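Below is one structure, written out as structure tokens, with a few remarks after it.
The values are calculated or read from the model by the stated rules, or taken from the named source; none is laboratory data. Every value quoted in this text rests on a predicted model; they were computed, and no experiment measured them. Virtual Cβ from ideal backbone geometry, glycine too; neighbours counted across all protein chains shown. The accessibility values were calculated without ligands, DNA or RNA, using every heavy atom of the protein model including side chains. Shrake-Rupley method; radii C 1.70, N 1.55, O 1.52, S 1.80 Å.
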Amino acid sequence: RILGHLKNYFKENNLIYTSDIKVGVFQDYVPYRKKEGTPNLMLQNEVKTIKDWVSNYLYVNELINPYIANDKKLYPRVEIRPDDLLKNPAIMPDDWMTILDYIRNTYIKKKQHQPRHQRATYTAYMFWHFLLLAKNTGMDKEELMKLKWKNIETVDEGRIDSKGERKEWLVTYIYTTRSKTGVSREIPCNQGRELRRLLKIQKGYIERHKLSVEITPNTLVFGNVFEQMKPYSKSTFHHMFRKEVFLVLKGKGLLKGHKFSPHDYTLKSLRSTFIEDKLRSGTDIFLLARVAGHDPKMLMKHYEKMDIRTRANELTIDTTKFGETKPTKGNKIDLLNEQKDDIRTNRDS
């Protein structure tokens, strides 16, 4: 995406050859991009990309003077204001339940009565499960759109209840790489039942419509069965969240918004929600940084803006846990090939 902006910048400044890159040549890049309303955080990432291009391509291939490549004055500084860090705020728990209830009980039903309702309804189901997985893993949109079934392992870890009986408890382990940072990680989450349900929905559509589509380990999790499991466009779920869910609920006055941010919820808010939820629950900061693919300092800088009242008990009450279940030996489950019709859900799904 930055390549197009950089080409236009070079053209406007009559920069044709790499030998035209002199100290200070990128100083006007920030004002140039700000004219288009580019946020400071995005600008900061673009400047980092330019640095990477100069250092790891131009310099390595001897296409630029080494003294210029190593001069700190070559690149502009992007000032990050406190307000910049409040964008894409985490979705508050009550608002999350409002959004979830609306999608399950109203939004999907509306799609069932639209023209070409089969495609519209299927996409709505994909959107529902896309939000669930994003909120419970902290994966960004690009990661989820590229996610394949082979990168998911589901294990029935099991729990012994108060009666001494073993109960199913599915834990899903997802292997993924953030395209933004290139950091690979494995994410445990409690979305086994939801992914099982998603597979049932997909297989049901394939069977009912007699589609020549096969779901294999290499199939995209959020593929479109009506398009040979090809990915949706990058703007599909963004449009659905912004135009068809958030603005509708906001217009009805049903969303309170984040306590410490004046900005609207976005699809990126789901990643913030995951991180803020884990911070609120007391997850170890280094473990969370590893799972989220963030540096711990960056994690705190961007996401530690939660309401302290949500963890006030830790400072004021000596609490004791009751009724904890005991773990049992886990059993790996092959969701792609299992034959199970009893798809159980809970209110959080």
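Worth a mention:
- Answer residue from region 139-175, given it is of a type outside the set (Phe, Trp, Tyr), touching a strand residue (DSSP E or B) at 6+ places or on another chain (Cβ under 7 Å) and assigned to a loop (DSSP other than H, G, I, E, B) and is farthest from residue 126 (Cα to Cα) among those: 161
- Scan of region 171-185 for residues that are over 25 Å from residue 44 (Cα atoms) and either of a type in the set (Gly, Ala, Ser) or open to solvent by less than 50 Å² (accessible area, probe 1.4 Å) (or both), ordered by number: 171, 172, 174
- Selection from region 40-77 of residues that are among the acidic types (Asp, Glu) and either loosely packed, with under 12 Cβ neighbours inside 10 Å or under 29 Å from the mean Cα position of the chain (by Cα) (or both): 46, 52, 62
- Selection count where residues are surrounded by 15 or more Cβ atoms within 10 Å (Cβ to Cβ), closer than 22 Å to residue 337 by Cα and in contact with a Pro (Cβ under 6 Å, 6 or more places away or on another chain), scope region 144-170: 1
- Residues located in region 124-143, provided they are over 17 Å from residue 231 (Cα atoms) and open to solvent by 20 Å² or more (accessible area, probe 1.4 Å): 135, 136
- Of all residues in region 78-123 being part of a loop (DSSP other than H, G, I, E, B) and within 22 Å of the chain's Cα centre (by Cα), the one that is modelled with the lowest pLDDT: 87
- Of all the listed residues (266, 273), the sole one being closer than 14 Å to residue 99 by Cα, surrounded by fewer than 22 Cβ atoms within 10 Å (Cβ to Cβ), among the polar types (S, T, N, Q) and touching a residue at least 12 places away in the same chain (Cβ under 8 Å) is 266.
- Filter pass, residue 94 being under 30 Å from residue 21 (Cα atoms) and exposed (fewer than 14 other Cβ atoms within 10 Å of the Cβ): no
- Some residue of region 186-207 being open to solvent by less than 60 Å² (accessible area, probe 1.4 Å), outside any strand (DSSP E or B), closer than 30 Å to residue 48 by Cβ and free of Cβ contacts under 8 Å to residues at least 24 places away in the same chain: no
- Some residue of region 235-254 being in contact with a Pro (Cβ under 8 Å, 6 or more places away or on another chain) and either among the charged types (D, E, K, R) or crowded, with 18+ Cβ neighbours inside 10 Å (or both): no
- Look at region 109-127: where a residue is among the hydroxyl-bearing types (Ser, Thr, Tyr) and a partner is part of a loop (DSSP other than H, G, I, E, B) and open to solvent by 20 Å² or more (accessible area, probe 1.4 Å), sitting 6+ places away or on another chain with Cβ atoms under 7 Å, you get 121/112.
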